[in-house]
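The values are calculated or read from the model by the stated rules, or taken from the named source; none is laboratory data. It should be emphasised that the depicted structure is a prediction, and the values quoted were computed from it without experimental measurement. So basically every Cβ, Gly included, is an ideal-geometry build from the backbone, and we count neighbours across all protein chains shown. Keep in mind that these areas ignore ligands, DNA and RNA; they rest on the heavy atoms of the full protein, side chains included. Shrake-Rupley method; radii C 1.70, N 1.55, O 1.52, S 1.80 Å.
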Amino acid sequence: MDFTVPERVQTILEMVRDFMKREVFPLEPTLRHKSFAELVPELRERRRKVQQMGLFAPHIPEEQGGAGLSLSEFAFLSEELGKSPLGHYVFNCQAPDVGNMEILMLHGTDAQKERFLEPLVRGEIRSCFTMTEPEFAGSNPVWMGTTARKEGDEWVINGHKWFASSVDGAAFAICMAVTAPEAQSSYMGSSMIIVPTDTPGFEHICNISVMGDRGSDYASHAEVSYQQCRVPLANLLGGEGMGFAIAQERLGPGRIHHCMRWIGICERAFDMMCSYAATRELAPGKPLGTRQTIQNWIAESRAEINAARLSVLHAAWKIDAEGAYAAREEISLIKFMVAGVLQRVLDRAIQTHGALGMTDDTPLAYWYAHERAARIYDGPDEVHKTVVARRILRGHGLKLKG
Ligand SMILES: Cc1cc2nc3c(=O)[nH]c(=O)nc-3n(C[C@H](O)[C@H](O)[C@H](O)COP(=O)(O)OP(=O)(O)OC[C@H]3O[C@@H](n4cnc5c(N)ncnc54)[C@H](O)[C@@H]3O)c2cc1C
C-alpha cells in the first residue's frame, strides 16, 4: 500500500481548501441560525464556480460529466469537503445523490441514464433513496413491507417508508420493494425501482423532526408513502431480485465517502479544540492547554483520527484493488470505528469550549446533533461489529449459521 497523496490530487486539495475557506465556511451561520432552504440561491452560485473549476461530481468518470477521481482519490477530497456541512453539496457529491449516481452508472439502462443520471450529474435535479420502513427493522435489509407487483407494462408499488433523506425537492426516488415474495432466498426477493416524485400515488408525507430540527430542502429526512403508485416496467434498476445485491454494492464506496467526511469533521473540530486550548485563559497567563486533561484529549484525538484515516484509506485501496465484496470486513470495521471516533472527538471539542461549545456560534453543536446518526444509518454499530467478529471467529474454526 502506498498512501502518498498523488500530485494531481495534492493540487486539487490545495485549490479546494482555499475555496472552502473563502466560499463555503462563510455560509455556515445561515445554515445553523436559519435553514438550508435560505441558502439555496447562494449555494447555486457556489456550485457554478465548482463547475468552472472542473470538480463538480468529482467521483463520476469524465466521459459521464464528472471529474473522474478514483475511490481512493475521492476519499482525500471527501475529507476536505467534510470540514463543512455544506461541502459535499457544493461539489455535488452529497448523499444520497452520490450513491444513486453510482447505482445508475453501474446498473442504469441508456434511457435511465439519459433521463435521471445526466441531470443529476449536472446538478439540475436531486434524488432520494427510500428503503427503511417504520414497521420493519431497517437493520434487516431483506425484511420489508413495501411491494411492487407487475400489472400490464407497469409496476404497482404500495408501501410506507421513513427516514428517506432529501425527499424534500427531489425529482425522483429509488424505491426498494419486494417483487418476489416467494423467492427461495430472501436475498433475491426485492428490487430497486425508479419513481419520479410527481408520480400519482407517491406522497411526501412530512419532514421528520430529528434532534429538534425538521430540516428543509436537501437537508431533511422524510416520511413517504406509495399508494397504488404506477411506473413503467422499464424503471426497474439492474434486474428483478437484484435489490439487495445492488444495495450492498452501493454501500461499499458509500461508507468510504461517509467515513472520510466524518474525518473531515474531526479535523476541523480538533483544530478548533487546539486553538481554543491555546488561547482561552483559565487565569491570567494560564491557558486551558496547560492542563493535563486537555492535553490528554488532544493526544487521544490525534491518535484516533490518524488511525481512523489510515483504516479508511486501507479499505478504499482494497475496494479499488479487489472490489467491495473482498473488502467487506474492512468496510464494516471502519463504519463503526470512525463513527465512534467522530463522536468522541466532537464531545471533547465541545467540552473544551465550555458553554461556547453548546451555542450555534460554532459548528460543533450542529455536528453533535446531526452526526449522532452516524452510528445508526448505513447499518448500526452492532450489526457491523457482528460482521467483523463473525468473520474473524470463522477463521478460528467457530461454526456460525448465516
Ligand atoms: C439521519 C438518518 C438518515 C437516514 N437516511 C436514510 C435514507 O436516505 N434512506 C433510507 O432508506 N434509510 C435511511 N435511514 C435509515 C437507516 O438506514 C436505519 O435507521 C438503519 O438501517 C437502522 O434501522 P432501524 O432504524 O429500523 O433500526 P432497527 O433495525 O430497528 O434497530 C434498532 C437498534 O437495534 C440494534 N440492533 C440492530 N440489529 C442488531 C444486531 N444484529 N445485534 C445487536 N443489536 C442490533 C441497534 O442498536 C439498532 O440501532 C436514515 C437514518 C438516519 C438516522
(Q) Among (1) more than 16 Å from the ligand (Cβ to nearest atom); (2) open to solvent by 40 Å² or more (accessible area, probe 1.4 Å); (3) not aromatic (Phe, Trp, Tyr), there is one condition Val312 misses while meeting the rest; what is its number? (A) (2)
Q. Do we have Ser332 as more than 19 Å from Asp2 (Cα to Cα), surrounded by 20 or more Cβ atoms within 10 Å (Cβ to Cβ) and among the hydroxyl-bearing types (Ser, Thr, Tyr) here?
A. yes
Q.
Checking Lys318 against (1) closer than 14 Å to Ile256 by Cβ; (2) charged (D, E, K, R); (3) more than 19 Å from the chain's Cα centre (by Cα); (4) within 12 Å of the ligand (Cβ to nearest atom), only one condition comes out false. Which one?
A. (4)
Q | Top-ranked residue of the stretch 125-142 - restricted to ones that are of a type in the set (A, V, I, L, M, F, W, C) and within 16 Å of the ligand (Cβ to nearest atom), ranked as surrounded by the fewest Cβ atoms within 10 Å (Cβ to Cβ) | A | Ala137
Q | Residue among Ala222, Ala171 that is hydrophobic (A, V, I, L, M, F, W, C) and touching a strand residue (DSSP E or B) at 6+ places or on another chain (Cβ under 6 Å) | A | Ala222
Q: Kindly indicate whether Val210 is hydrophobic (A, V, I, L, M, F, W, C), surrounded by 21 or more Cβ atoms within 10 Å (Cβ to Cβ) and on the phi < 0 side of the Ramachandran plot.
A: no
Q) Does the stretch 368-399 hold any residues that are away from the ligand (no atom under 13 Å from the Cβ) and touching a helix residue (DSSP H, G or I) at 6+ places or on another chain (Cβ under 7 Å), and which are they? A) Tyr368, Arg391
Q) Quick check, is Ala324 open to solvent by 10 Å² or more (accessible area, probe 1.4 Å), of a type in the set (A, V, I, L, M), closer than 22 Å to Met131 by Cα and outside any helix (DSSP H, G or I)? A) yes
Q: List the strands (runs of 3 or more DSSP E) that sit entirely inside the stretch 162-228 and contain at least 1 residues that are closer than 17 Å to Gly239 by Cα and within 12 Å of the ligand (Cβ to nearest atom).
A: 172-178, 190-196
